[in-house]
1. Kindly establish whether residue 157 is buried (at least 19 other Cβ atoms within 10 Å of the Cβ) and either outside any strand (DSSP E or B) or among the aromatic types (Phe, Trp, Tyr) (or both).
2. Need pairs with beta-carbon distance below 9 Å; first residue under 12 Å from residue 155 (Cβ atoms) and within the stretch 44-58, second of a type in the set (Phe, Trp, Tyr); sequence gap 6+ or separate chains.
3. How about the stretch 35-64: which of its residues are in contact with a Phe, Trp or Tyr (Cβ under 6 Å, 6 or more places away or on another chain) and more than 22 Å from residue 142 (Cα to Cα)?
4. Which ones in the stretch 11-31 are in contact with a Phe, Trp or Tyr (Cβ under 9 Å, 6 or more places away or on another chain) and at pLDDT 95 or above?
Amino acid sequence: MAKLTPGSAPADAASAAVAATGPANRLLAVDLGLHIGLALFGDDGRLLWHRSRHFGSTSSLRDGVRTLLGEIGPLGWLVLEGGDRFGNLWRREGERRGATVLQISAEVWRRELLLDRDQRQGGQAKDSSIALARRVIAWSGARNPPALRHDSAEAILVGLWGALAVGLLPALPRELGG
């Protein structure tokens, strides 16, 4: 993958980790929709935090995008997974804030990160995604919730793909299957 160069987080247990990393080299991954998954990666390619959030309407999403990106602060990259309906809101705001924006489909990161057999059926793909996301969480030392929502798990994997694509990680770490 070609390396791309880039054009404060919400208060929680990961705030110290966020503050310790270079903000202009952080990457935010978003699994698009009204119910979104978010995953923030530091300049070392490790996951800092992840979460999911539900917006009841497109107008609340529009306001939420501005608020979320404002809370997170400077980003080098914004990696979006999903279609243009919601992607354009994120793209415009990310570019306005100086982030390099990449938009991909789920098939792109699945092809790079999951085995062929784990991509064949929807249920198997989701289970494999959650298992790999949990390994990313453990490898990164991030908070590991008892229940990991699939949108948050997919945002983690979109972010892992993005960290590889932009060069935050030179290769998939051995602990993650590399």
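1. On the way: buried (at least 19 other Cβ atoms within 10 Å of the Cβ): yes; either outside any strand (DSSP E or B) or among the aromatic types (Phe, Trp, Tyr) (or both): yes.
So residue 157 passes the test.
2. Taking only residues 6 or more apart or on different chains, the pairs are 47/41; 47/139.
3. Once the filter is applied, which keeps residues that are in contact with a Phe, Trp or Tyr (Cβ under 6 Å, 6 or more places away or on another chain) and more than 22 Å from residue 142 (Cα to Cα), the stretch 35-64 yields 61, 64.
4. 26, 27, 28, 29, 30
The values are calculated or read from the model by the stated rules, or taken from the named source; none is laboratory data. The shown structure was predicted, so the numbers you read here are calculated from the model rather than taken from an experiment. Ideal geometry is used to build each Cβ from the backbone, glycine not excepted, and the neighbour counts take in all protein chains shown.
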